[in-house]
Structure formats: C-alpha cells, structure tokens
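The values are calculated or read from the model by the stated rules, or taken from the named source; none is laboratory data. In this text the structure is predicted, and so the values were computed from the model without any measurement. Cβ sites come from the backbone with ideal geometry, for glycine too, and all protein chains shown count toward neighbours.
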Amino acid sequence: MTIYWERCDLCGQYRPVKKCSLIPEISIDVHCCVACPYWMNKCTVPAWRIETRSPQTPPRRSLSSEDKEKLLKELTSLLRSS
C-alpha cells in the first residue's frame, strides 16, 4: 500500500490521498472520504476504511481457595510484622 502526498480533488488540500472506489478518476483524502454522502449508503469499499482495534487482554487465571487462604495469611503476617 502506497500513500502519496497529493492534492485532494474535493477539498484541494495536500494530504495523503487514495483513489475513490466509487469514482476512480478522483483522488480523495481521509476527511473527504468520511464526509462523503455516499459513504454510508452506496460505497461498499471506501478508500479510507476506519477501523478500531480493541486491546487483547490475556485470560485471567483464578486461584484455588487454598492458594487464596495461603496468600491472605502471608499478607496479614506481613502487616503484623511492620
């Protein structure tokens, strides 16, 4: 994927542009692509696809009741000693 800093055919500003998927003759920047009225209804593959990624959290492992009791005793002993 190559992004060129060229002039957007809609707004005229110099930004990274890609070819519009509906009208391939024009180059469009991300702001004009998202603001396009066809984006929600007719454009199935927008030039600038907006995606968000959720952070991957590792699965939590639970402690057994014996381990919990042992940990609690250890912590209370540390509190008493200080």
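Looking at (1) without any contact (Cβ under 8 Å) to a residue 12 or more places away in the chain; (2) under 27 Å from the mean Cα position of the chain (by Cα), which is the only condition Lys18 fails?
(1)
Output the residue which, of all residues in segment 53-82 that are part of a loop (DSSP other than H, G, I, E, B) and charged (D, E, K, R), is modelled with the lowest pLDDT. Explain how you work it out, then say what you get.
Going residue by residue through segment 53-82, those that are part of a loop (DSSP other than H, G, I, E, B) are 53-64, 82.
Add one more test, that the residue is charged (D, E, K, R), and what stays is 53, 60-61.
Working: Arg53: 77, Arg60: 81, Arg61: 81.
That would be Arg53.
How many residues does segment 28-82 hold that are over 30 Å from Cys8 (Cα atoms) and of a type in the set (Val, Ile, Thr)? Give the derivation first.
The initial filter retains those residues of segment 28-82 that are over 30 Å from Cys8 (Cα atoms), namely 54-82.
Still in the running and of a type in the set (Val, Ile, Thr): 57, 76.
Residues meeting the conditions: 2.
Check off (1) surrounded by 10 or more Cβ atoms within 10 Å (Cβ to Cβ); (2) over 21 Å from the mean Cα position of the chain (by Cα) for Ala35 and give me the number that stays unchecked.
Answer for Ala35: the failing condition is (2).
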